[in-house]
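The structure appears below as structure tokens.
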Amino acid sequence: MQELQSIPAAYVCYQTVSFFIDDTQYVAVLTSQDNNSKRDTVSVIYEFDGQQIVRYQSLRTDGAYAGQHFVIDGENYLAVANQNGQTLGHRVKSVVYKWDGRKFTVFQSVGTLGAWDVEYFSIGQEHFLLFANHHDGSSHDVDSYVYIWREEKFQLYQRIGTKGATAVKHFLVDGENYLAVCNHYSAASSSHNINSKIYRWSGAQFELFQSIATYGAYDVEVWRVGRFLFLAFANYYNKAKNSYQINSDVYMWRSGRFHHFRGIATNGALGLNAFTVCGKNLLAITNHKAGKTVIYELTGSEFREYDQLATSRVIHVVTFHRHNDTFTIISPNSNSVATRLYQWIY
């Protein structure tokens, strides 16, 4: 990879999101706090021309942890999961912004509880947002919220029981809709060793489909390689062993459910990113305690180390495409380390 650009740090970044509006590509850098540890801060949207990213717009956010761009009826929206506000704490609302042709403006605020992630998806003609709620200010054992688009706005549709939820993914298998939800910590059992969940759409709501053992799960990724579907959880901490050096597990869909495929040795895994470069099927895992991201290539039935990146204090490494080129952006969870943009050379 070749470094294209370094952007001086001003805020603590949790996640970056890349998307197109018409023919213009944008990168939203979502920030959880500023240099003075204040949560009511500024997230930044950059415009990207394939060579550099240029600051385009600032958004006022409250401890923003995740975002999702989506389109409904030809209109562009950006949902931002706010985790912790300066005055309302974990009960701060998350926000949906709407593109007015030049910039994003506030469209709707929705109730969340320390939201760590947001996922947009559609089922038939219906549109949904799922917020992974992590903490309500007193407990991690809180429901996550599914919102549905009705009468030109989002309305609360379903509550899903979660335990310190940190990440969510929607996916399709044989025409059926599923949700994968990371459970990070249970206040009731005071443990990180809890099951994460797979839910299936019944036609009216999401119902529990499968439970998978995880250990302080921080992230989930779902991706396809040819006709095979894979699911991975980033395991951060095994409380029973008092260790961050544990496997993060990859599962493969077979005979109507997920089965364990491979375990990958990790050290306080926080983020997952599956992507393809020049025909290579790659999986990047951010190891927080080791200060590095290891990129693995799936070759046959094995994950073999392909490359490493020094990523001290980084939670997510995000890879995105522009036409025939591939880029990776690394935004540290630190206000003293610059955000870096790389291009894959092949």
If we scan the range 217-232, do we find a residue that is basic (Lys, Arg), closer than 21 Å to residue 118 by Cβ and without any contact (Cβ under 8 Å) to a residue 60 or more places away in the chain? no
Residue within the range 259-267 that is among the aliphatic types (A, V, I, L, M) and under 23 Å from residue 20 (Cα atoms) present: no
Members of the range 65-118 that are among the acidic types (Asp, Glu) and loosely packed, with under 14 Cβ neighbours inside 10 Å: 73, 75, 100
Can you list the strands (runs of 3 or more DSSP E) found entirely within the range 235-303 that contain at least 1 residues being among the charged types (D, E, K, R) and surrounded by 13 or more Cβ atoms within 10 Å (Cβ to Cβ)? 245-254, 257-267, 280-287, 292-299
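Can you go through 265, 234, 274 and tell me which one is closer than 30 Å to residue 52 by Cα and of a type outside the set (Ser, Thr, Tyr)?
274
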Need pairs with beta-carbon distance below 7 Å; first residue without any contact (Cβ under 8 Å) to a residue 24 or more places away in the chain and on the phi > 0 side of the Ramachandran plot and within the range 285-297, second buried (at least 24 other Cβ atoms within 10 Å of the Cβ) and part of a loop (DSSP other than H, G, I, E, B); sequence gap 6+ or separate chains. 291/311
When you check residue 342 against the structure, is it at pLDDT below 95, open to solvent by 20 Å² or more (accessible area, probe 1.4 Å) and either closer than 30 Å to residue 44 by Cβ or in a strand (DSSP E or B) (or both), yes or no? yes
Can you tell me which residue is most open to solvent (accessible area, probe 1.4 Å) among those in the range 198-218 that are of a type outside the set (A, V, I, L, M, F, W, C) and outside any strand (DSSP E or B)? 205
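Within the bounds of the range 46-54, is there any residue that is under 30 Å from residue 172 (Cα atoms), over 16 Å from the mean Cα position of the chain (by Cα) and open to solvent by less than 30 Å² (accessible area, probe 1.4 Å)?
Here is the first cut: in the range 46-54, the ones under 30 Å from residue 172 (Cα atoms) are none.
Within the range 46-54, not a single residue is under 30 Å from residue 172 (Cα atoms), over 16 Å from the mean Cα position of the chain (by Cα) and open to solvent by less than 30 Å² (accessible area, probe 1.4 Å).
The values are calculated or read from the model by the stated rules, or taken from the named source; none is laboratory data. Not measured: the values here are computed from a predicted model. Because the Cβ atoms are built from the backbone with ideal geometry, glycine has one as well, and the counts that use them run over all protein chains shown. For accessibility, only protein heavy atoms count, side chains too; no ligands or nucleic acids. Shrake-Rupley method; radii C 1.70, N 1.55, O 1.52, S 1.80 Å.
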